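The values are calculated or read from the model by the stated rules, or taken from the named source; none is laboratory data. This structure is a prediction, so every number in the text was calculated from the model and none was measured. A quick note on method: Cβ atoms are made from the backbone with ideal geometry, for glycine too, and the neighbour counts reach across all protein chains shown.
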Amino acid sequence: MSEESGIGVDRRDFMIAAIASAAIAAEAGAANAQGTPPSFASTAPAMPQGTVYTGDVIRGKKVISALDVNDLESGRKHLLYFQGVQMVTGQHWYVSVIVAKGAQPGKRIALVSGVHGDEISPVHTIQAVMGQLDPAQMSGTVLAVLDVSRPALEGMARRWPNSGRGIDLIDINREWPGNENGAGAPARHAGLLFNRLLKPNADYALDFHTAATGMDATAFHLARMDLPEVRAMAELFPIDHIFDHPAYPGLLANALIAAGIPAFTPEIGAPRILDHTLIPLFVEGTMNVLKHHGVVAGPMGRTGKDTGLFVGNDTHVVLASQGGFVELLVGLNDKVDAGQKVALQRNAFGEVVAEYTCMVAGEVAACRTDATAEPGTPLVFILFNSARPEGIATYPE
Ligand SMILES: [Zn+2]
């Protein structure tokens, strides 16, 4: 059946929907492997009561299938594996978890990386923050979840390679809050992490990302600045830009906000690398957030006030209209004017096949780094402020 025809796509969607219904019906008839009572299977799962140890130990780390940080010894760090969704071979995707449990009670902050598997600076940022923490001196808890989308990270890929209907590449940052009984492993993995690890143990959360492969970005956040508790944290970072926008449904930050946990999405430059220029800015900002909430003591570091932080509520995305080789005429953080030429494109003969001008005045927040582009590929993102009503926007996560 042709996937190009409307009929083919409609039929495929119908089949997926039918499979989903069948899966939910099947789950409703029997307790699932995680022990959820049948009566909860087709609706919200029962919230776990307490930390559940599976009895497994991997490379010296205990495996848990549910976490309640109240159960952990105070004044020390705990290194654990969280048991995510099962694989075809019967093993599970285990997710690395560090809990720094303060000697004194206080706020609980969750730090998340690896939702996209090719975004590595976030992992290093959280490792650096956790390395600076002394639980004996802390009031509260920091929960680090480092490698959420395990199979994507194993392949240095943005998306989860799901084998259910042949290889689908699933963007797990469109799946939150997940579904423990969903029609796909990534949705189930997200549901397990959301229900049994993140939501029960966080008062606030930061989900760290980078630009997508083929792009680089300034030091920026995607953050809902209309939410005072989010704004108070986001402005504590000595960075360049904040894109004040909810972006897509299904983002982890949006699911956390919907669950009453103020959250936002820091974005640390380019994917696939450790950006040693930007990482320290996000470590400093995260430590500021921990000080803001009283988890750690000490003077506040540099904030957005020190870096001329620019907040915009919209992005103008310059898309390639041709295939060809890309030459950028602007760089990250450049101020641009409406009508300014920002990129050109040549064919294999060296002839100029397209010239691109931006349609707004603003600041360059992300640029293409791959030197080729197909039609429809984003070349430049320009952050600006618009009076337009908010809709679904594109952003270079
Ligand atoms: Zn990402």
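Does Val97 meet the test of being away from the ligand (no atom under 16 Å from the Cβ) and assigned to a helix (DSSP H, G or I)?
No, not satisfied.
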Restricted to the stretch 137-184, and to residues that are away from the ligand (no atom under 16 Å from the Cβ) and of a type in the set (A, V, I, L, M), which residue is nearest to Arg108 (Cα to Cα)? Val142
All conditions in (1) touching a helix residue (DSSP H, G or I) at 6+ places or on another chain (Cβ under 9 Å); (2) part of a helix (DSSP H, G or I) are true of Lys305 except (1)
Residues in the stretch 281-288: is at least one surrounded by fewer than 19 Cβ atoms within 10 Å (Cβ to Cβ) and either within 14 Å of the ligand (Cβ to nearest atom) or among the small types (Gly, Ala, Ser) (or both)? no
For Ser149, are the conditions met, namely being of a type in the set (Ser, Thr, Tyr) and crowded, with 22+ Cβ neighbours inside 10 Å? yes
Look at the stretch 201-241 and say how many of its residues are among the polar types (S, T, N, Q) and within 15 Å of Ile261 (Cα to Cα). 1
Could you go through the stretch 289-300 and let me know if any residue there is touching a Phe, Trp or Tyr at 6+ places or on another chain (Cβ under 9 Å) and at pLDDT 95 or above. yes
Could you list, in sequence order, all residues of the stretch 344-388 that are of a type in the set (Ser, Thr, Tyr) and either closer than 16 Å to Glu327 by Cβ or part of a strand (DSSP E or B) (or both)? Tyr356, Thr357, Thr369, Thr372, Thr377
From the list Phe194, Phe220, which residue is in a helix (DSSP H, G or I) and in contact with a Phe, Trp or Tyr (Cβ under 7 Å, 6 or more places away or on another chain)? Phe194
Single residue of the stretch 109-129 satisfying the filter (away from the ligand (no atom under 15 Å from the Cβ) and under 18 Å from Phe82 (Cα atoms)) that is surrounded by the fewest Cβ atoms within 10 Å (Cβ to Cβ): Gln127
Single residue of the stretch 248-265 satisfying the filter (of a type in the set (A, V, I, L, M, F, W, C) and touching a strand residue (DSSP E or B) at 6+ places or on another chain (Cβ under 8 Å)) that is farthest from the ligand (Cβ to nearest atom): Ile261
Condition check: of a type in the set (Gly, Ala, Ser) and either touching a Pro at 6+ places or on another chain (Cβ under 7 Å) or buried (at least 23 other Cβ atoms within 10 Å of the Cβ) (or both). Does Ala297 satisfy that? no
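Being exposed (fewer than 15 other Cβ atoms within 10 Å of the Cβ) and either among the small types (Gly, Ala, Ser) or in a strand (DSSP E or B) (or both) is the filter here; which residues of the stretch 76-94 pass it?
Arg76, Leu79, Gly90
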Go through (1) more than 10 Å from Val317 (Cα to Cα); (2) within 16 Å of the ligand (Cβ to nearest atom); (3) modelled with pLDDT of 95 or more for Pro378 and report which single condition fails. (1)
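Yes/no matrix, rows are residues, columns are (1) touching an Asp or Glu at 6+ places or on another chain (Cβ under 6 Å); (2) under 27 Å from Gly285 (Cα atoms); (3) surrounded by 22 or more Cβ atoms within 10 Å (Cβ to Cβ); (4) without any contact (Cβ under 8 Å) to a residue 40 or more places away in the chain:
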site	(1), (2), (3), (4)
Leu153	yes, yes, yes, yes
Pro161	no, no, no, yes
Gly164	no, no, no, yes
Gly191	yes, no, yes, no
Lys199	no, yes, no, no
